[in-house]
Each structure stands twice: as C-alpha cells, then as structure tokens.
1. Residue check: is Ser37 in contact (Cβ under 8 Å) with a residue 24 or more places away in the chain and among the polar types (S, T, N, Q)?
2. Taking region 77-91 as the region of interest, how many residues are over 26 Å from Gln67 (Cα atoms) and surrounded by fewer than 12 Cβ atoms within 10 Å (Cβ to Cβ)?
3. Given the criterion surrounded by 16 or more Cβ atoms within 10 Å (Cβ to Cβ) and more than 18 Å from the chain's Cα centre (by Cα), identify the matching residue among Ala49, Ala59, Ala73.
4. Only residues in region 64-83 that are farther than 15 Å from Asn109 by Cα count as the first member; pair them with residues that are β-branched (Val, Ile, Thr) and surrounded by 14 or more Cβ atoms within 10 Å (Cβ to Cβ), Cβ under 8 angstrom, at least 6 apart or cross-chain, and list the lot.
5. Counting only residues that are part of a helix (DSSP H, G or I) and of a type in the set (D, E, K, R), which one in region 92-117 is surrounded by the fewest Cβ atoms within 10 Å (Cβ to Cβ)?
6. Only one of (1) at pLDDT below 90; (2) over 22 Å from Leu104 (Cβ atoms) is not met by Asp55, so which one is it?
Amino acid sequence: MNGRVFFYAVLLCSGLAYADLGAEIKQQQEIEARLQSELKEQKKSSIKAYQDICDFANASSLNRDEQIKRLAAANEIWDIFIEKTCEAEVLESIGTRAEYTSTLQCMVNKYKEKESFFSSLF
C-alpha cells in the first residue's frame, strides 16, 4: 500500500512539474515574440536615424562624399558591434532556454544606442 501511495505521489508531482514547465515555456515564447517585435521596431528607428543624418550630410556642400562614406562605415560597424557584443553578453546563458531571450533583449538595447548615436550627430 505504501508503495502505491508513493508511486501516485511521484506521478502527481511529475505531472505538476510538467505543467509548470509548459506554462514557463509558453510565457517565454510570449516574451520572445514581444522582444522580436520590439527589435523589429528598434531596427526601423535606428535605420531612420541613420537615413536622417545621411540626408543632412547630403545637403551639406562641405565634404559631403567623405561624410557619407564615414556614416556608411559607422552604420556597418555598429551592426557588427551589436552582433558581437550580444554574443558576448549572453555567455552565462549559453545552452539555456533564456539564451535567445537574453540575445533579443541585448539587441533591442544596442539598437537603441545606435539610434541615439546617429541622432546625436545633428
């Protein structure tokens, strides 16, 4: 009798743990979907800030070609910087369910910084 009670208790606990895991995974997927949407919008904002400063530089008659060249190089370097920095910032979560979420959050923050950088050049 004690064996059966123990067996049912283990089954019940494992079922509850599985249900909690399912809820956790669903919540994480919702967070990731929100972050993906936020990242998409933040990328658009940083592109707009880059385009605005390029338009401003294009209107200039002083060193226009050099300004555009340097802005294009900075834009490209920012994207590489974001990718590499976010790879490094999530080192503690490699191989966990949180790795992708942490990467998305990092990228959102870094694209905000990129937008601020280009906006500050006016």
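The values are calculated or read from the model by the stated rules, or taken from the named source; none is laboratory data. Because the structure is predicted, anything quoted here is derived from the model rather than measured. Virtual Cβ from ideal backbone geometry, glycine too; neighbours counted across all protein chains shown.
1. Numbers: in contact (Cβ under 8 Å) with a residue 24 or more places away in the chain: no; among the polar types (S, T, N, Q): yes.
In short, no.
2. 2
3. Working: Ala59 fails: surrounded by 16 or more Cβ atoms within 10 Å (Cβ to Cβ); Ala73 fails: surrounded by 16 or more Cβ atoms within 10 Å (Cβ to Cβ).
Going through Ala49, Ala59, Ala73 in turn, just one is surrounded by 16 or more Cβ atoms within 10 Å (Cβ to Cβ) and more than 18 Å from the chain's Cα centre (by Cα): Ala49.
4. Filtered contacts from region 64-83: Leu71/Ile53.
5. Taking region 92-117 and keeping what is part of a helix (DSSP H, G or I), we get 92-93, 98-117.
Those left that are additionally of a type in the set (D, E, K, R): 92, 99, 110, 112-115.
On the way: Glu92: 9, Glu99: 14, Lys110: 21, Lys112: 14, Glu113: 14, Lys114: 23, Glu115: 20.
Residue satisfying both the conditions and the ranking: Glu92.
6. The one condition Asp55 does not meet is (1).
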